[in-house]
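Trainee: Mind looking over this structure? Questions follow.
The values are calculated or read from the model by the stated rules, or taken from the named source; none is laboratory data. The shown structure was predicted, so the numbers you read here are calculated from the model rather than taken from an experiment. A quick note on method: Cβ atoms are made from the backbone with ideal geometry, for glycine too, and the neighbour counts reach across all protein chains shown. Heavy atoms of the whole protein, side chains included, go into the accessibility calculation; ligands, DNA and RNA do not. Shrake-Rupley method; radii C 1.70, N 1.55, O 1.52, S 1.80 Å.
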Amino acid sequence: MNLLVVCRCYVLLELLAVNCQNLIQGRIVGGYAPAPNSIKYIVSLQTTKGQHFCGGSLVHKYWVLTAAHCNIGTEQMMIVAGDYSLSTFEGTEQYSKPHRLIPHPLYNKTTNNADIMLIKLRVPMVIGSYVSLAPLPRQGTGVMAGRVCRVSGWGYTSLGGGQIPSTLLTVKLPIVSSARCNSSESFNGNITSNMICAGYNAGGKDACKGDSGGPLVCEGRVYGVVSWGNGCGDAKFPGVYTAVSKFRRWVDRTIYSSYIRCLKY
Ligand code: ARG
C-alpha cells in the first residue's frame, strides 16, 4: 500500500485525537488550538533533551525575544521555530542553538522588573511558509485598557495541571489598566511601568507555566512577553507581561550593536 496514504490517515487520526482532547480539557488556560502554523513567529525554547520550557518570538532571522527568567544558559538551550505539535515531527521545524543570551541589564528576579531577553542564534532561521518575523511596537507606545490581545504558547492548561500540552494554544484577553492591576484587590503595587496586565476579572483565561517568554499580540504587534502572575487564571489576578514598547530601543540597539561588533572584529 502507498506509504503516503498511510501517513495521511495517521496524521488525520492524530488531529482528531488532539481536537477531542481539546474539547475535554482546554489548553493555555481557557484557550483553543489555532490553525497549524498560523502563528509563524512563535518559537519553543527547549532543553537539549527536547523538553519545552519557555516560548519566544522571532524578531530577526538571527534573534529571538523572550523573558529574562527563561535564561537557563547557552549550553542547555535549543530554539525551535516552525513548530505546532511538540510531540510530532511535522517536517516544518527549524532548530538552532543560541550563540549568545542577552538578558536585560536591569532584570531583577525578585521584582520581575525588565523581564526581557534577546537570544542571538547560532544558525539563522529561514523565513518562509512556516516561519516569519514578529513586528514589535514602537518605543513608548501603549495599548489601551480593554483592547483585546492574544497570548499563545505550549504551557500548562492549569496550575498543577501536570502536563505540557503538545499543540500550540492561544487565548484572547483584554488589557487591564495598570491602576486596576496594581490595586490592593490585585497585585497591590507590584506592577512597574515596565509591565502590562491582561485578563478577565472573573479569571478562567490566562497564560500559565511554560508560556513564559511567549508573545502577547495586540494589533499585530508583540506588546507583551509572558512574565509572571498569581496562579493561572485566578479571578482578580490577570497575567503580567513585560511591556515590550518600553524596550524597543534596547532591542534595536542590542541587535544593531552586535553587527557593529562583528564588523570591528
Ligand atoms: N512564570 C511562568 C513561566 O515561567 C509564567 C507565568 C505566567 N502566569 C500567568 N498566570 N499568566 O512559565
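Trainee: Rounded to the nearest whole Å², what accessible area per residue is found for segment 73-121 with the 1.4 Å probe?
Mentor: Working: 2190 Å² over 49 residues.
Computed with neighbouring chains in place, this is 45 Å² per residue.
Trainee: Rounded to the nearest 20 debye, what is the charge dipole size of segment 122-265 about its Cα centre when +1 sits on each Lys and Arg Cβ and -1 on each Asp and Glu Cβ? List each step's numbers first, then the result.
Mentor: Working: 16 positive and 6 negative charges, 117 e Å.
The calculated dipole for segment 122-265 is roughly 560 debye.
Trainee: For segment 112-187, which whole-number percentage of the solvent-accessible area (1.4 Å probe, protein heavy atoms only) is attributable to carbon and sulfur atoms?
Mentor: On the way: 1720 of 3230 Å².
Ligands and nucleic acids excluded, carbon and sulfur reach 53 percent.
Trainee: State the answer as a single residue: which of Val244, Tyr256, Trp228 lies farthest towards the positive end of the charge dipole of segment 202-265, with beta carbon charges of +1 for Lys and Arg and -1 for Asp and Glu, about the Cα centre.
Mentor: Towards the positive end, the residue furthest out is Tyr256.
Trainee: Let me ask another. DSSP loop (so not H, G, I, E, B), at most 14 other Cβ within 10 Å: list which chymotrypsin sites (Phe, Trp or Tyr not before Pro) in segment 66-126 pass both filters. Write down the numbers at each step before the final one.
Mentor: Numbers: sites: Tyr84, Phe89, Tyr95, Tyr107; in loops: Tyr84, Phe89, Tyr107.
Passing both the DSSP loop test and the Cβ count: Phe89.
Trainee: Just how many pairs of Lys in the chain have C-alpha atoms closer than 17 Å, counting pairs that are eight or more places apart or on different chains?
Mentor: Close lysine pairs under the 17 Å cut-off: 9.
Trainee: With +1 on each Lys and Arg Cβ and -1 on each Asp and Glu Cβ, and nothing else charged, work out how big the dipole of the chain is about its Cα centre, in Debye to the nearest 20.
Mentor: Working: 25 positive and 12 negative charges, 171 e Å.
Charge dipole of the chain: 820 debye, to the nearest 20.
Trainee: Another question, if that's okay. Based on the Cα coordinates of the chain, what is the per residue volume of their convex hull in Å³?
Mentor: Measuring per residue, one finds 133 Å³ for the Cα hull of the chain.
Trainee: Express the accessible area of segment 131-238 per residue in Å², computed with a 1.4 Å probe while the remaining protein chains stay in the model. Write out the running numbers ahead of the final one.
Mentor: Numbers: 4330 Å² over 108 residues.
Per-residue accessible area for segment 131-238 comes out at 40 Å².
Trainee: Where a ≥ b ≥ c are the square roots of the eigenvalues of the C-alpha gyration tensor, would you call segment 106-166 rounded, which needs a/c under 1.5, or, failing that, prolate if a/b is larger than b/c, or oblate? It would help to have the intermediate numbers written out before the result.
Mentor: Working: a/c = 1.28, a/b = 1.03, b/c = 1.24.
Rounded is the answer for segment 106-166, as its axis ratio a/c remains below 1.5.
Trainee: Calculated from DSSP H runs of 4 or more alone, at -39500 (n - 2.57) each and per residue, what is the 222 nm mean residue ellipticity of the chain, nearest 500? If you can, show how the numbers build up before the last one.
Mentor: Details: 3 runs with 43 residues, N = 265.
Estimated from H runs of four or more residues: -5500 deg cm²/dmol.
Trainee: For Val123, Val131, give the ranking by accessible area with the largest first, probe 1.4 Å. Write down the numbers at each step before the final one.
Mentor: Values: Val123 75, Val131 0 Å².
Accessible-area ranking of Val123, Val131, largest first: Val123, Val131.
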